[in-house]
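What follows is one structure encoded as C-alpha cells, with my remarks underneath.
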Amino acid sequence: MGIRRFAQLDSVWPAGLGRRLGAMLYDGFLVTAIWIAVTIVHVAFFRFVLGQQAEEIGTTAFDIWSLRVMLLFFVSLFFIFSWTRGGMTLGMQAWRLRVQTVDGYSISVKEGLIRCAVAWLSLLAFGLGYWWVLFDSERRSWPDIASKTRTVVLPSK
C-alpha cells in the first residue's frame with residue numbers, strides 16, 4: 001500500500017460541514033455494524049473460551065475495558081485502512097469526499113493515526129473539531145489541521 005498521487009486535483013474543493021456530517025451519518029451505520037460484530041466476538045470469547053457464565057460477562061473491569069479498547073481499535077482500524085487505501089470510507093464515497101495530503105497524495109498510516117486520534121477528541125469536545133470547518137478559511141477540521149491533510153469534494157462524473 002504505497003503513497004499515490006490522486007487525479008482530478010484541479011477540480012476538487014474543500015468539503016463543507018454538511019457533506020462531512022452526511023458522510024459521518026453513513027459511516028455511523030458502518031461503525032455500529034463493526035461494534036456489534038466486535039461485541040459478539042468479545043462475548044463469545046468470554047463465554048466459550050474463558051468459560052464465564054452468561055450472567056457474569058461484563059461484570060468485571062477487565063471485561064468492560066477490554067471491550068471498550070477493542071471497539072475503539074477496530075473502528076479506528078476501519079477508518080485508517082479506508083483513508084490510506086483510497087482516501088475515503090464508504091460514507092465518504094457516497095458524498096464524494098476524499099482525504100488527501102495538501103499536495104494531493106494519499107495519506108500515510110501516520111497521518112491516518114493522527115487524524116483518527118484527533119477525530120475522537122473532536123467528537124469528545126461535542127463535535128467542536130468538526131464545527132471548526134465553519135470558521136476556518138480553508139474549511140479544515142481539527143483532524144485536517146493536526147494531520148496536515150485536507151478533506152475535499154470530488155466533482156460529479
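Checked against the criterion of being open to solvent by 90 Å² or more (accessible area, probe 1.4 Å), at pLDDT below 95 and not β-branched (Val, Ile, Thr), region 15-30 contains not a single residue that satisfies it. Taking the criterion of being in a helix (DSSP H, G or I), open to solvent by less than 20 Å² (accessible area, probe 1.4 Å) and either farther than 19 Å from Arg139 by Cβ or among the hydroxyl-bearing types (Ser, Thr, Tyr) (or both), the residues of region 87-128 that qualify are Gly112, Cys116, Ser122. Applying the condition of being polar (S, T, N, Q) and open to solvent by less than 90 Å² (accessible area, probe 1.4 Å) to region 39-64 and asking which residue is modelled with the highest pLDDT yields Thr39.
Considering (1) more than 16 Å from Val99 (Cβ to Cβ); (2) at pLDDT 95 or above; (3) not hydroxyl-bearing (Ser, Thr, Tyr), the lone condition that Gly2 does not fulfil carries the number (2). Out of curiosity, is Arg68 under 24 Å from Gly16 (Cβ atoms), modelled with pLDDT of 95 or more and either open to solvent by 20 Å² or more (accessible area, probe 1.4 Å) or touching a helix residue (DSSP H, G or I) at 6+ places or on another chain (Cβ under 8 Å) (or both)? For Arg68, the condition - under 24 Å from Gly16 (Cβ atoms), modelled with pLDDT of 95 or more and either open to solvent by 20 Å² or more (accessible area, probe 1.4 Å) or touching a helix residue (DSSP H, G or I) at 6+ places or on another chain (Cβ under 8 Å) (or both) - is not met. Counting the residues of region 129-144 that are open to solvent by less than 90 Å² (accessible area, probe 1.4 Å), outside any helix (DSSP H, G or I) and not charged (D, E, K, R) gives 1.
There is at least one residue in region 95-110 that is more than 14 Å from the chain's Cα centre (by Cα) and closer than 21 Å to Ala33 by Cβ. The residue of region 72-86 that is nearest to Gln8 (Cα to Cα), among those that are open to solvent by less than 60 Å² (accessible area, probe 1.4 Å) and free of Cβ contacts under 8 Å to residues at least 24 places away in the same chain, is Gly86. Checked against the criterion of being without any contact (Cβ under 8 Å) to a residue 60 or more places away in the chain and closer than 20 Å to Ala119 by Cβ, the candidates Val69, Val49, Val43 yield just one match: Val69.
Any residue that is assigned to a loop (DSSP other than H, G, I, E, B), among the polar types (S, T, N, Q) and under 28 Å from Arg140 (Cα atoms) - is there at least one of those in region 39-56?
Scanning region 39-56 turns up no residue that is assigned to a loop (DSSP other than H, G, I, E, B), among the polar types (S, T, N, Q) and under 28 Å from Arg140 (Cα atoms).
When you check Trp35 against the structure, is it touching a residue at least 24 places away in the same chain (Cβ under 8 Å) and assigned to a helix (DSSP H, G or I), yes or no?
The answer is yes for Trp35.
Could you tell me which of the residues Ile3, Ile64 is out of contact with any Lys or Arg (no Cβ under 8 Å at 6 or more places or on another chain) and assigned to a helix (DSSP H, G or I)? None of the other options fit; the residue is Ile64.
The values are calculated or read from the model by the stated rules, or taken from the named source; none is laboratory data. Computed from a predicted structure; not experimentally measured. Quick reminder, even Gly has a Cβ in these numbers, built from the backbone with ideal geometry, and neighbours come from all protein chains shown. Heavy atoms of the whole protein, side chains included, go into the accessibility calculation; ligands, DNA and RNA do not. Shrake-Rupley method; radii C 1.70, N 1.55, O 1.52, S 1.80 Å.
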